[in-house]
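In what follows, a single structure is set out as C-alpha cells and then discussed.
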Amino acid sequence: MKYQPIIGIEIHVQLNTASKCFCDCASGRWRDKPNTHTCPVCLGLPGALPVLNQQALEKAAQVGLALNCSVNVHTFFERKNYFYPDLPKGYQISQYREPLSIGGWIMVGGKRVRLNRAHLEEDTAKSIHTPGGTELDFNKSGIPLLEIVSEPDLNSAEEASSYCKEIQKVVRAVGASDCDMEKGQMRLEANISLAEKGDKELPDYRVEVKNINSFRYLEQAIEYEIERQKKALENSEELNLETRGFNSKDGVTYVQRSKEEAHDYRYFPEPDIPPLELSDNWIAEIEESLPELPAQKAERFVSDYDLRRDYALLLAEDGESADLFQSAVDAGGEAEEVANWIINRPADVEGVSADELADKIKQEEESVVEDEDVLLEAVQEAIKENPEAVEDYNSGKENAVQFLLGKVMGKTQGNADPQKTMSLLKKHL
Ligand code: ZN
Ligand code: MN
C-alpha cells in the first residue's frame, strides 16, 4: 500500500470508586433502578457544589503512574462546554490545560507506544431511546472517568487493538476498574488518517470514530476507515476533520458531524473546585501502592526462574495463573514444568491448589523416572535372554532389533514407548 495508517486511541475508563467523582452518590450501580443514585450535583442542578472524591484522584494517579506517565504537581479542572441531553448542565467537568498525568508509554508487541495524557473527568447520564422519546438515567452521571490518550503511534487495526488490550491489562492489574466493555466501563475511540509512505509530517486531517465497545469492532472500524480513506485519496477527494460513528451490524462507519475544534468547547477553569497542589510525597506514596504489573511480573519470571519468555508473558497477563505459578514454584514445583502444566494442561490444573500442583508434578517426574528404570531392565533382560538375535543384529541383520523390541513389549505389557525402547536397544546391543 502506498499509504501508512496513522492511528491514535482515546480510551475512557470508569474508575471503580465507591462514590461518584464530585458527590457522595453511589457509583457503578449500572443495574440499579434508573435515577436512584442522584443528587443536585450529578443531576447538574444550578448552584450545586462539586467536591472532588479523593479515591477517584488516587485511582486516576495510580493508573497514570502504572502507564509510566508523570503526575503533574499542579493540576486543575476545567469546564468543557457543550450541550447534549445527557449533560443538562451544559458542561462536563474535565481537564484540559494541566491534566493529572502526562507523557507515559506502554510496550505493544515490542513497540513503544507513547501516551499523551491521562486526565480525570465525569461521565454523563445514559440516554435510553424508546418509541415515546429519549429517557435519561442519571445513575451513571458523575462516575469518575479516566481518559487515556495515546500519541498517533499505531499503524494498523491489529496494533491498535493490541494497544487497547494492554491498557485494559494494566488498569485491571492496578485494580482501578474491571474494564468490562459490555457494562460500558471501557469505551474506545480511534483517530485515523492515512499518510503517504515516507512522509515525515502527520496528515492535515483525521477522522475520529467514536463509541466503540469491543476490540473486534475497533479493528473493523479501523479497517473500514483505512479502505474508505484510501479510495477517497486515490480519487483526489478531500478528507476533513470529522467525527464518525460505527455501525456494528454492517461493519461500516458513518458521518456524525464535522469535528468541533477544541476551542469550540470554550474550556475555562472550573470555579467551584480549587486547583490541586499535589506533593511529591503523595505521588511517591501512590507509586509505592502499585501492585506488580504484568510486564514487570513477566520480566521477574524470566530473570528469577529462567522461564521461557513466551510462558512468562502468558502467565503474567492473567492474575490467577501468575499467582498459581508463583505459589506452586514456592511449594517446590520446577518452574518450567509448573508453567507447562498451567499453560498446556488446563484440565489437569483445574481446581487444584498450588501445593497439590507441585505434588502432582513431582509424582509425574518420579513415575517417569520409575518407568525408565523398568524399561531399561526389560531391555537388558531381552538382550540377555536372546543371544541369537543379538548375534544376528551384530552381524548386520538390522531386522533382528524388531524381534527384541517385541520381547521388551511383552515384558512391559505393551506399555513401553517404542521409540525410547528402540534407542535403548541400539545403545545396549
Ligand atoms: Zn450525586
Ligand atoms: Mn472525554
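FYI, it's all coordinate maths here, none of it is from the lab. Quick caveat, the model's predicted, so the values are computed rather than measured. Here the Cβ positions follow ideal geometry from the backbone for every residue, glycine too, while neighbour counts run over all protein chains shown.
Which trypsin sites (Lys or Arg not before Pro) in segment 78-171 pass both tests, a DSSP loop state and at most 11 other beta-carbon atoms within 10 Å?
Arg97
If you build the Cα gyration tensor of segment 65-133 and take the root of 5 times each eigenvalue, what three semi-axes come out, in whole angstrom, biggest first?
The equivalent ellipsoid of segment 65-133 has semi-axes of 32, 18, 8 Å.
Quick one: which of Lys20/Lys59; Lys140/Lys249; Lys397/Lys426; Lys297/Lys362; Lys33/Lys183; Lys89/Lys140 span more than 18 angstrom between C-alpha atoms?
Among Lys20/Lys59; Lys140/Lys249; Lys397/Lys426; Lys297/Lys362; Lys33/Lys183; Lys89/Lys140, the Cα-Cα distance tops 18 Å for Lys140/Lys249; Lys297/Lys362.
What length, rounded to one decimal in nm, is gained on full extension from Glu158 through to Lys111, with 0.36 nm per residue of separation minus their alpha-carbon distance?
Working: separation 47, 0.36 × 47 = 16.92 nm, distance 1.30 nm.
Going from the current span to full extension adds 15.6 nm.
Taking 0.36 nm per residue of sequence separation and subtracting the Cα-Cα distance, how much length would be gained by fully extending the chain between Arg216 and Arg309, in nm to one decimal?
30.8 nm
Hey, rough spin-label estimate for Asp250 and Glu135, points 7 angstrom out along Cα→Cβ, what's it come to in nanometres?
Going by the 7 Å Cα→Cβ label model, 2.9 nm.
May I ask for the Kirkwood hydrodynamic radius of the chain, worked out over all distinct Cα pairs and given in angstroms to one decimal?
Evaluated on the chain, it is 26.0 Å.
Roughly speaking, what is the stretch gain from Ser127 to Asn81, that is 0.36 nm per residue apart minus the C-alpha to C-alpha distance, in nm to one decimal?
14.7 nm
Order these by the 10 Å Cβ neighbour count, fewest first: His37, His12. Please list the in-between numbers first.
On the way: His37 24, His12 17.
Fewest-to-most ranking of His37, His12: His12, His37.
Name the residues whose placed amide hydrogens come within less than 5 Å of the amide hydrogen of Ala195, ignoring near sequence neighbours (fewer than 5 apart) on the same chain.
Excluding prolines and chain starts, which carry no amide H, the hits are Gln4, Ile6.
I'd like the FRET efficiency for Asn394 and Asp348, computed as 1/(1 + (r/R0)^6) with the beta carbon distance as r and R0 of 51 Å, rounded to 0.05.
After rounding, the FRET efficiency stands at 0.70.
Only helical DSSP H runs with n ≥ 4 go in: add -39500 (n - 2.57) per run for the chain, normalise by residue count and round the 222 nm mean residue ellipticity to 500 deg cm²/dmol.
Calculated from helices alone, the mean residue ellipticity at 222 nm is -12500 deg cm²/dmol.
Could you tell me which of His428, Tyr82, Leu188 has its Cα farthest along the dipole of the chain towards the positive end, charges placed at Cβ (Lys, Arg +1; Asp, Glu -1), taken about the Cα centre?
Tyr82
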